[in-house]
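Notes for the one structure printed next.
FYI, it's all coordinate maths here, none of it is from the lab. Here the structure is a predicted model, which means the values were calculated and not measured. Here the Cβ positions follow ideal geometry from the backbone for every residue, glycine too, while neighbour counts run over all protein chains shown.
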Amino acid sequence: MSIAPVALEYGIYRDGDNNLDREQAECITQALTTSLRDPTVEFVVEDTTARRGFAPAGVLRTERYVVRDGQGSGLAIGPPRDPS
């Protein structure tokens, strides 16, 4: 992990509890790529999803983590949460 101070922090609040879960997940990939290119950019993510990832596919849950330097950290998985 980089020691560069965070210059810019974004919040990603994604409600994937719908038929666009897979399509909307691209924003997480973009956050990983962007933070890998620029270590001063960080993303705080709250992702409600049923995609395969930190849990098996079909399990609706909310994942919370930070993306920096192209990696996620501080993962917490809990019951699904409506970000609205």
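By the scheme Lys and Arg +1, Asp and Glu -1, what is the net charge of all other residues having a beta-carbon under 15 Å from that of Pro39? Before the final figure, lay out each step's value.
Values: positive: Arg37, Arg68; negative: Glu9, Asp38, Glu42, Asp69.
In short, -2.
What is the distance, in nm, between label points placed 7 Å from the Cα along the Cα-to-Cβ direction at Asn18 and at Val6?
Once both label points are built, they end up 2.7 nm from each other.
What is the spread of the Cα atoms of region 32-84 along each of their three principal axes, largest first, in whole Å?
For region 32-84, the Cα extents along the three principal axes come out at 32, 23, 16 Å.
For the residue pair Ala55 and Ser73, what label-to-label distance in nm results when each label sits 7 Å from Cα along the Cα-to-beta-carbon direction?
It works out to 2.5 nm between the two label points.
Using a 7 Å offset from Cα along Cα-Cβ at Thr33, what residues in region 51-77 end up with backbone N under 19 Å from the label point?
67-72
Could you give the angle, 0 to 90 degrees to the nearest 10, between helix 26-37's Cα long axis and the longest principal axis of the Cα atoms of the chain?
10 degrees
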